[in-house]
Amino acid sequence: MGYLAEGFRKAFIILFSGQEETFSAIFTTLKVSTFSIIVTLAVGIPLGFMLGYYTFPGKHAFRAVSDTLMAIPTVVVGLLVYAFISRSGPFGSFGLLFTLRGVAIGQFVLGLPVVVSLTASATEQMEDSVKMTLMTLGASPGQLAASSLWEGRYAVIAAAMTAYSRIISEVGVSMMIGGNIKWRTRTITTAIALETGKGQFAEGIALGIVLLAIAFAVNGFVSVARRRASI
Amino acid sequence: MTNIYELMDVTQSYGGRTVLEVPEMKIGKGSIVGITGPNGSGKSTLLRILAFLERPVGGRVYFKGEPVIDIDETLRREATLLLQESKLLKRTVFENVAYGLKARGMKEGISRKVNQTLEMVGLDPVDFAGRLWFQLSGGESQRVALASRLVLRPEVLILDEPTASIDAGSGRIIARAIVDARERLGTTIVLVSHDIDWAYAASDEVISMFSGRIRSRTIENIIPGPWKDCPDGTSCRYLENGQVITAVRRPEEGYSTGLLDPDDIILSLNDPGNTSARNTIRGTVVRMNLENEEGNVLVTVNAGGTVFTSRVTTGSLSKLGIVPGSPVIIVFKANSIRWV
């Protein structure tokens, strides 16, 4: 157990001394995950809302696919995206492999089903009385849809935070698409995997602490949003 | 008085089951119409049709003399419905009350209108406007919901049990605000309430519904089962204190509820002795309501746990000299009871 305690001691030294390599991985993670979640939400919230709000042919099949993809292993997403953006793939000419843009695409694929399915669930679970209230107040169809989405905002925020948790903690996509290139595509999770493999527990623990802190903060938001959604 | 609504042969059904049949119904502009009836009698369905929230499967609805063909927000903005437990939007009180105005693009003087309407429902704008939806009691929420509709100055205000699940103080304020809306704005009001006293006090006309139909344009006595077929060829129902209601035999087993017109019930202070009426039942006066238009009085009598309402003239009432708490005998014929 001594090496663990020693690992924690060194981890705090690394964090408080501002070691460049460690902070490079932290900033890279924040940069790519923030970009990924923004794009994921921009696409996923409208899609999820339409899936939950409207009735159309194939709705249940689409929902089943989205629900299933929520649990897709990150390495499978990595593999699929790799196949598309590698040199011999259909999008090989864009030069996305081993770039943060490539990682962001993978994370988008990973987070999208989470946002779509959870937003659809939140919309479906919205009480009929909310829709009825908006109608009795004279909302037009457009106002009805926009106001319904706004009324479900806390559940949608919870969906967004859940997707962000999945994105920031994934390792498969970042490793396979990003390639774990130091100073460029190395993220917190790929760095932890690497440092642990090298026996450098202190660096791994330091990055793990940062990741846990982010996860706690995100889950704190999720918890508050869920409480507000249920009032 | 011109009619704001006319319903002709309106029917509504869900999943093949007919829940509402209205051969004819008219509601005068600027009137207050009360609707009473037990749960499942079709009141809420009728209200949703009047509020243009659903389209009947059959018949025609005329609004302000025009047939209702397409239901859209333009039409819905003429009639607004307040539900029993209205849902507030997850916003501040101000935003809730202002929502309908903003939806209509009426942004001029919005603060003044919202504040005035909050005062109308007894809520101080300084204290309440900034509160969030979960910082209100049930009664305050219902008052905000009413303010959200009153601020729109709707042509028709439809209320489904607006005071059923709130405190008495809020109920009184809501009742007063509704009557004020008619007096000040000329709003036509359609209200469903189990509070018979209020329904009669507030309404120009009270409609009684049962089993999806309008039974009368006044209150009607509903005598549910269990009814038994008696050896003498009548149908009987035993009251809790052992007295018996006798009715003509039910046509068949499916008919399980008796209806009795308040005009068919005679009140007597003494046993009438030999009479052709089969029913002489002892009870106690529990309530008296003046009917607004006719000037008659509806006297409600509790007899062995079953409530009967009789319509008497004010002259007869003063001759009888009864008050709530007086013992009386209600008299009616066996063939006055109709079966549904």
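For the range B:234-257, which residues satisfy the criterion of being modelled with pLDDT of 85 or more and under 12 Å from B:ALA334 (Cα atoms)?
From the range B:234-257, those modelled with pLDDT of 85 or more are B:234-248; that's our starting set.
B:THR234, B:SER235, B:CYS236, B:ARG237, B:VAL244, B:ILE245, B:THR246, B:ALA247, B:VAL248 - these are the residues of the range B:234-257 that are modelled with pLDDT of 85 or more and under 12 Å from B:ALA334 (Cα atoms).
Considering (1) in contact (Cβ under 8 Å) with a residue 60 or more places away in the chain; (2) under 16 Å from A:GLY106 (Cα atoms), say which one A:SER169 fails and leave the rest.
Result: A:SER169 passes all but (1).
Residues that are surrounded by 22 or more Cβ atoms within 10 Å (Cβ to Cβ) and modelled with pLDDT under 95: does the range B:129-141 have at least one? Spell out how you get there, then give the answer.
Of the range B:129-141, the ones surrounded by 22 or more Cβ atoms within 10 Å (Cβ to Cβ) are none.
Within the range B:129-141, none of the residues are surrounded by 22 or more Cβ atoms within 10 Å (Cβ to Cβ) and modelled with pLDDT under 95.
Which of the strands (runs of 3 or more DSSP E) found entirely inside the range B:246-340 contain at least 3 residues meeting this: surrounded by 16 or more Cβ atoms within 10 Å (Cβ to Cβ) and in contact with a Lys or Arg (Cβ under 7 Å, 6 or more places away or on another chain)?
Working: elements: B:258-260, B:266-268, B:279-290, B:297-303, B:306-312, B:327-332.
Hits in the range B:246-340: B:297-303.
Name the helices (runs of 4 or more DSSP H) wholly inside the range B:110-186 in which the number of residues that are touching a helix residue (DSSP H, G or I) at 6+ places or on another chain (Cβ under 7 Å) and of a type in the set (Gly, Ala, Ser) is 1 or more. Steps first, answer last, please.
On the way: elements: B:110-120, B:125-128, B:138-150, B:168-185.
Filter on the range B:110-186 gives B:138-150, B:168-185.
Are any residues in the range A:195-231 under 30 Å from A:GLU151 (Cα atoms), more than 18 Å from the chain's Cα centre (by Cα) and surrounded by 11 or more Cβ atoms within 10 Å (Cβ to Cβ), and if so, which ones?
If the condition is that a residue be under 30 Å from A:GLU151 (Cα atoms), more than 18 Å from the chain's Cα centre (by Cα) and surrounded by 11 or more Cβ atoms within 10 Å (Cβ to Cβ), then A:VAL224, A:ARG227, A:ARG228, A:ALA229 are the ones that fit.
Does B:THR188 qualify as being in contact with a Lys or Arg (Cβ under 7 Å, 6 or more places away or on another chain) and closer than 23 Å to B:ALA201 by Cα? Walk me through how you get there before you give the answer.
On the way: in contact with a Lys or Arg (Cβ under 7 Å, 6 or more places away or on another chain): yes; closer than 23 Å to B:ALA201 by Cα: yes.
Judged against the criteria, B:THR188 is a match.
Being in contact (Cβ under 8 Å) with a residue 24 or more places away in the chain and of a type in the set (Gly, Ala, Ser) is the filter here; which residues of the range A:75-131 pass it?
Answer for the range A:75-131, where residues must be in contact (Cβ under 8 Å) with a residue 24 or more places away in the chain and of a type in the set (Gly, Ala, Ser): A:GLY78, A:GLY102, A:ALA104, A:GLY106, A:GLY111, A:SER117, A:ALA120, A:SER121, A:ALA122.
Within the range A:60-77, take every residue that is more than 19 Å from A:THR190 (Cβ to Cβ) and surrounded by 17 or more Cβ atoms within 10 Å (Cβ to Cβ) and give me the one that is farthest from the chain's Cα centre (by Cα).
This residue is A:ARG63.
How many of the residues in the range B:89-99 are surrounded by fewer than 22 Cβ atoms within 10 Å (Cβ to Cβ) and either in a loop (DSSP other than H, G, I, E, B) or within 8 Å of chain A (Cβ to nearest Cβ) (or both)? Give the steps one after another, and end with the answer.
Step one: of the range B:89-99, the residues surrounded by fewer than 22 Cβ atoms within 10 Å (Cβ to Cβ) are B:89-92, B:94-95.
Those still in the list that are either in a loop (DSSP other than H, G, I, E, B) or within 8 Å of chain A (Cβ to nearest Cβ) (or both) too: B:89-91.
Residues meeting the conditions: 3.
B:ARG287 is checked against (1) under 19 Å from the mean Cα position of the chain (by Cα); (2) more than 25 Å from B:LEU239 (Cα to Cα); (3) basic (Lys, Arg) and fails just one. What number does that condition carry?
All conditions pass for B:ARG287, except number (2).
For the range A:1-77, which helices (runs of 4 or more DSSP H) that fit wholly inside it have 3 or more residues that are within 30 Å of A:ASP128 (Cα to Cα) and β-branched (Val, Ile, Thr)? Steps first, answer last, please.
On the way: elements: A:2-17, A:20-53, A:59-69.
The qualifying helices (runs of 4 or more DSSP H) are A:20-53.
Could you please find all residues in the range A:210-226 being under 16 Å from A:VAL171 (Cα atoms) and touching a residue at least 40 places away in the same chain (Cβ under 8 Å)? I'd like the intermediate steps shown before the answer.
Of the range A:210-226, the ones under 16 Å from A:VAL171 (Cα atoms) are A:210-212, A:214-215.
Within the range A:210-226, A:VAL210, A:LEU211, A:ILE214, A:ALA215 qualify.
For (1) assigned to a helix (DSSP H, G or I); (2) at pLDDT 90 or above, each residue gets a yes or a no:
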position: B:VAL22; (1), (2): no, yes
position: B:MET25; (1), (2): no, yes
position: B:VAL33; (1), (2): no, yes
position: B:SER41; (1), (2): no, no
position: B:THR45; (1), (2): yes, yes
position: B:ILE49; (1), (2): yes, yes
position: B:GLU54; (1), (2): no, yes
position: B:ARG60; (1), (2): no, yes
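Within the range B:42-67, which residues are basic (Lys, Arg) and either within 17 Å of B:TYR14 (Cβ to Cβ) or surrounded by 20 or more Cβ atoms within 10 Å (Cβ to Cβ) (or both)?
To start, the set of residues in the range B:42-67 that are basic (Lys, Arg) comprises B:43, B:48, B:55, B:60, B:64.
Those that are basic (Lys, Arg) and either within 17 Å of B:TYR14 (Cβ to Cβ) or surrounded by 20 or more Cβ atoms within 10 Å (Cβ to Cβ) (or both): B:LYS43, B:ARG48, B:ARG55.
Which members of the range A:78-93 meet the condition of being surrounded by 11 or more Cβ atoms within 10 Å (Cβ to Cβ) and assigned to a loop (DSSP other than H, G, I, E, B)?
As a first pass, look at the range A:78-93 and keep what is surrounded by 11 or more Cβ atoms within 10 Å (Cβ to Cβ): A:78-86, A:89, A:91-92.
Of everything in the range A:78-93, those that are surrounded by 11 or more Cβ atoms within 10 Å (Cβ to Cβ) and assigned to a loop (DSSP other than H, G, I, E, B) turn out to be A:SER86, A:GLY89, A:PHE91.
Report yes if B:GLU140 is more than 20 Å from the chain's Cα centre (by Cα), within 12 Å of another protein chain (Cβ to nearest Cβ) and among the acidic types (Asp, Glu), otherwise no. Step through it out loud before you land on a result.
Working: more than 20 Å from the chain's Cα centre (by Cα): yes; within 12 Å of another protein chain (Cβ to nearest Cβ): no; among the acidic types (Asp, Glu): yes.
No.
Please enumerate the residues belonging to the range B:107-123 that are exposed (fewer than 15 other Cβ atoms within 10 Å of the Cβ) and more than 31 Å from the chain's Cα centre (by Cα).
B:LYS107, B:GLU108, B:GLY109, B:SER111, B:ARG112
If the requirement is being over 17 Å from the mean Cα position of the chain (by Cα) and more than 16 Å from B:ARG91 (Cβ to Cβ), which of these qualifies: A:GLU151, A:GLU124? Let's see the steps before the verdict.
Numbers: A:GLU151 fails: more than 16 Å from B:ARG91 (Cβ to Cβ).
Matching residue, one of A:GLU151, A:GLU124: A:GLU124.
Quick one: in the range B:178-188, of everything that is touching a Ser or Thr at 6+ places or on another chain (Cβ under 9 Å) and closer than 17 Å to B:GLN142 by Cα, which residue is surrounded by the fewest Cβ atoms within 10 Å (Cβ to Cβ)?
As a first pass, look at the range B:178-188 and keep what is touching a Ser or Thr at 6+ places or on another chain (Cβ under 9 Å): B:178, B:181-182, B:188.
In the following step, the residues that additionally are closer than 17 Å to B:GLN142 by Cα were identified as B:178, B:181.
Numbers: B:ILE178: 24, B:ALA181: 21.
Restricting to residues being touching a Ser or Thr at 6+ places or on another chain (Cβ under 9 Å) and closer than 17 Å to B:GLN142 by Cα, the top hit is B:ALA181.
Anything in the range B:70-88 that is part of a helix (DSSP H, G or I) and surrounded by 15 or more Cβ atoms within 10 Å (Cβ to Cβ)? List them, or say none. Before you say what the answer is, go through the steps one by one.
Start the filter on the range B:70-88 by keeping residues that are part of a helix (DSSP H, G or I), which leaves B:73-76.
Answer for the range B:70-88, where residues must be part of a helix (DSSP H, G or I) and surrounded by 15 or more Cβ atoms within 10 Å (Cβ to Cβ): B:GLU73, B:LEU75, B:ARG76.
Which of the residues belonging to the range B:69-88 are touching a strand residue (DSSP E or B) at 6+ places or on another chain (Cβ under 7 Å) and either closer than 23 Å to B:ASN39 by Cβ or at the interface with chain A (Cβ under 7 Å from one of its Cβ atoms) (or both)?
Correct list: B:THR80, B:LEU81, B:LEU82, B:LEU83, B:GLN84.
The values are calculated or read from the model by the stated rules, or taken from the named source; none is laboratory data. Predicted model, so just to flag it, every value in this text is computed and none were measured. Backbone-built Cβ (ideal geometry, glycine too); neighbour counts: all protein chains shown.
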